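Report on the following structure.
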Amino acid sequence: MNKIQSMSKTMSLTWLAVLMALQMVLGRIHVGPSFLKVGFGFIATALIGYYFGPYKSMLVGFISDVVTNSLFPDGVFFWGFTLSAIVGGFIYGGMLYQKPITIKRIFLTTLIVILVVDLGLNTWWVSILGKIEFTAMFWVRIWKEILFIPIQTIILTTVFKWLKQHNFD
């Protein structure tokens, strides 16, 4: 059991709310055009999955996507991206919750999220919204997603290493 799990319910809920706020802020920080958008919300999503598990991560993914798009609209709201946030939370929670954090596990988790959510679901949603054939959009996005597998792995490895060094694991 990690430190967050052993806290009181109030403290645990507060920590979850802080991570959800962080997810909302980091999720709004992105670079690139809409079809190649690169964001940093994955960091908070991974932390939520690690500390709170797949089901709370799914719930937070749903709530944070709806609230963020209500308060800070960035284009048209689309339920498909909400589903992507839910699936991403489930994968991070399922892969990281109550499991030893190794670079192999982080790499595998990142690979699954990028293939299923970013390259699969999000490409599908962007192709629907942009009225562009899925395969055409897939080939445009695949190179960016392949590039980000090691980048996200390095970032998450660094974050989890810092958490372990400071006894937040």
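The values are calculated or read from the model by the stated rules, or taken from the named source; none is laboratory data. The structure presented is a predicted model; accordingly, all values stated were derived computationally and were not measured. Note that we place each Cβ from the backbone using ideal geometry, even for glycine, and neighbour counts take in every protein chain shown. With ligands, DNA and RNA removed, areas are computed over all heavy atoms of the protein, side chains included. Shrake-Rupley method; radii C 1.70, N 1.55, O 1.52, S 1.80 Å.
With unit charges on the beta carbons (Lys and Arg positive, Asp and Glu negative) and the dipole taken about the Cα centre of the chain, which residue among Tyr97, Ala17, Ile112 sits farthest to the positive side?
Going by the charge dipole, the pick is Tyr97.
Counting only protein heavy atoms and using a 1.4 Å probe, what share of the accessible area of the range 1-156 belongs to carbon plus sulfur, as a whole percent? Working shown, then result.
Numbers: 6300 of 8310 Å².
Carbon with sulfur: 76 percent of the solvent-accessible area.
Let me check against my output: what whole-number percent is the relative contact order of the chain, with C-alpha pairs under 8 Å and at least 6 apart? Show your work: numbers first, answer last.
Numbers: 202 pairs, mean separation 35.9, N = 169.
Taking the mean separation of contacting Cα pairs over the length of the chain, I get 21 percent.
Using only the heavy atoms of the protein chains and a 1.4 Å probe, how would Ile114, Ile101 rank by accessible area, largest first? Walk me through the numbers on the way to the answer.
On the way: Ile114 0, Ile101 55 Å².
So the residues, ranked largest to smallest area, are Ile101, Ile114.
Leu147 accessible area, nearest 10 Å², 1.4 Å probe?
100
Could you give the dipole magnitude of the range 79-163 about its Cα centre, charging the beta-carbon of Lys and Arg +1 and that of Asp and Glu -1, in debye to the nearest 20? Mind dumping the intermediate values first?
Working: 7 positive and 3 negative charges, 53 e Å.
So the dipole magnitude of the range 79-163 works out to roughly 260 debye.
Can you tell me the dipole magnitude for the chain around its Cα centre, using point charges on the Cβ only (Lys, Arg +1; Asp, Glu -1), in Debye to the nearest 20? Can you show the working numbers first?
Working: 13 positive and 6 negative charges, 88 e Å.
For the chain, the charge dipole is close to 420 debye.
Enter the angle in degrees (range 0 to 90, nearest 10) between the Cα long axis of helix 9-28 and the first principal axis of the Cα atoms of the chain, meaning the one along which they spread out most.
30
Kindly report, to the nearest 10 Å², the accessible surface of Leu108 as traced by a 1.4 Å probe over protein heavy atoms only.
It works out to around 80 Å².
Mind ranking Asp74, Asp118 by accessible surface for me, highest first, 1.4 Å probe?
On the way: Asp74 70, Asp118 30 Å².
Reading off the accessible areas and sorting them downward yields Asp74, Asp118.
Can you pull the accessible area of Lys164 for me, 1.4 Å probe, Å² to the nearest 10?
For Lys164, solvent-accessible area is about 130 Å².
Taking Cα extents along the principal axes in Å as the quantity of interest, determine which of (1) 55, 35, 31; (2) 48, 34, 23; (3) 53, 38, 38 was computed from the displayed structure.
Checking each listed value against the structure points to (2).
Can you grab the distance from the C-alpha centre of the range 118-158 to the C-alpha centre of the range 37-105, Å, no decimals?
The two parts, judged by their Cα centres, are 16 Å apart.
Ordering Met137, Met58, Met11, Met24 by accessible area with a probe of 1.4 Å, largest first, what comes out? Mind showing how you got there, number by number?
Values: Met137 10, Met58 55, Met11 105, Met24 35 Å².
Result, largest first: Met11, Met58, Met24, Met137.
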